1. Scanning the stretch 57-85 for residues that are closer than 25 Å to Gly24 by Cβ and among the hydroxyl-bearing types (Ser, Thr, Tyr), which turns out surrounded by the fewest Cβ atoms within 10 Å (Cβ to Cβ)?
2. Suppose we keep only residues that are part of a loop (DSSP other than H, G, I, E, B) and modelled with pLDDT under 90 within the stretch 91-101. Which one would you say is least open to solvent (accessible area, probe 1.4 Å)?
3. Of the residues Ser34, Ser54, Ser28, Ser88, only one is without any contact (Cβ under 8 Å) to a residue 12 or more places away in the chain, of a type outside the set (Val, Ile, Thr) and either in a loop (DSSP other than H, G, I, E, B) or open to solvent by 80 Å² or more (accessible area, probe 1.4 Å) (or both); which?
Amino acid sequence: AGTLANGDLRGGTFTLSNVGMIGGTYLSPVVVSSEVCIGAIGRVQRLPRFEGDSDRVVARHILVTSWAADHRVVDGATMARFATLYKSLLEQPELMMARMK
């Protein structure tokens with residue numbers, strides 16, 4: 001337990017499941033044995049949010065994405081950094097275009 005053999009690293013995949021296409025908003029994705037990470041993308045919702053530090057409420061488009069990873073391969077801090085990068089690329093698609101090769 002807690003160790004990986006070379007065979008454990010073969011065939012690893014990263015899966016995205018778009019539950020938003022069928023109206024889903026939240027999902028708890030489960031990593032299967034052939035995966036390293038899975039993400040579940042919900043539908044975009046228009047929801048009220050506070051603007052900055054003010055008491056002003058404004059409408060915002062919110063997209064919930066849930067992640068799960070095999071912690072034998074990827075630690076939680078790495079997933080948190082990835083989730084932050086994912087969010088920034090969705091909010092600023094020009095950053096994604098600048099990173100493409």
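1. Among those residues, the one meeting the criterion is Thr84.
2. As a first pass, look at the stretch 91-101 and keep what is part of a loop (DSSP other than H, G, I, E, B): 92, 100-101.
From what is left, the residues that are modelled with pLDDT under 90 are 100-101.
On the way: Met100: 121, Lys101: 240 Å².
That would be Met100.
3. Result: Ser54 is the single residue among Ser34, Ser54, Ser28, Ser88 that is without any contact (Cβ under 8 Å) to a residue 12 or more places away in the chain, of a type outside the set (Val, Ile, Thr) and either in a loop (DSSP other than H, G, I, E, B) or open to solvent by 80 Å² or more (accessible area, probe 1.4 Å) (or both).
Okay, residues lined up against (1) touching a Cys at 6+ places or on another chain (Cβ under 7 Å); (2) at pLDDT 90 or above; (3) under 18 Å from Leu4 (Cβ atoms); (4) among the aliphatic types (A, V, I, L, M):
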residue: Ser33; (1), (2), (3), (4): no, no, yes, no
residue: Gly52; (1), (2), (3), (4): no, yes, no, no
residue: Ala59; (1), (2), (3), (4): no, yes, no, yes
residue: Leu63; (1), (2), (3), (4): no, yes, no, yes
residue: Ser66; (1), (2), (3), (4): no, yes, no, no
residue: Ala69; (1), (2), (3), (4): yes, yes, yes, yes
residue: Gly76; (1), (2), (3), (4): no, yes, yes, no
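The values are calculated or read from the model by the stated rules, or taken from the named source; none is laboratory data. Being a predicted model, the structure only gives us computed values, none of them experimental. Cβ sites come from the backbone with ideal geometry, for glycine too, and all protein chains shown count toward neighbours. When the accessible area is computed, the model is the full protein with side chains, heavy atoms only, and any ligands, DNA or RNA have been set aside. Shrake-Rupley method; radii C 1.70, N 1.55, O 1.52, S 1.80 Å.
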